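Following: one structure in structure tokens, then a few remarks.
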Amino acid sequence: MDIGPGYMDVAGAAVYLGTGERFVRRLIAERRVVFYKVGTHVRFKVTDLEAYVQAGKVEPITVRWSGGKVVA
């Protein structure tokens, strides 16, 4: 759910990340994602969630095969 321009709550972050709310709450507890406290509420900036996703990005590699085996 959107809260304001550029901010969302736990439910919105879960939808954005394509996960459940429980996973987002675990990210908060483990301090693995940037979040903001507004009173007792937790809020996320879309840009911070996108940075979290990009940090987990894995680039593809080129694999060469020779004789049925991978060669460097």
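The values are calculated or read from the model by the stated rules, or taken from the named source; none is laboratory data. Quantities reported herein were computed from a predicted structural model and do not represent experimental measurements. Note that each Cβ is placed from the backbone with ideal geometry, even for glycine, and that neighbours are counted across all protein chains shown.
For the reader, a short list of remarks on this structure follows.
- Complete set of residues in region 20-66 that are within 15 Å of M8 (Cα to Cα), within 12 Å of the chain's Cα centre (by Cα) and polar (S, T, N, Q): T47
- In region 33-70, the residues that are surrounded by fewer than 12 Cβ atoms within 10 Å (Cβ to Cβ) and assigned to a loop (DSSP other than H, G, I, E, B): G39, T40, G56, K57, V58, E59, P60, I61, T62, V63, G67, G68
- Answer residue from region 3-31, given it is exposed (fewer than 12 other Cβ atoms within 10 Å of the Cβ) and not small (G, A, S) and is modelled with the lowest pLDDT among those: P5
- Number of the exception - F23 against (1) in a helix (DSSP H, G or I); (2) in contact (Cβ under 8 Å) with a residue 24 or more places away in the chain: (2)
- With respect to the stated conditions, R43 is in contact (Cβ under 8 Å) with a residue 40 or more places away in the chain and either on the phi < 0 side of the Ramachandran plot or hydroxyl-bearing (S, T, Y) (or both).
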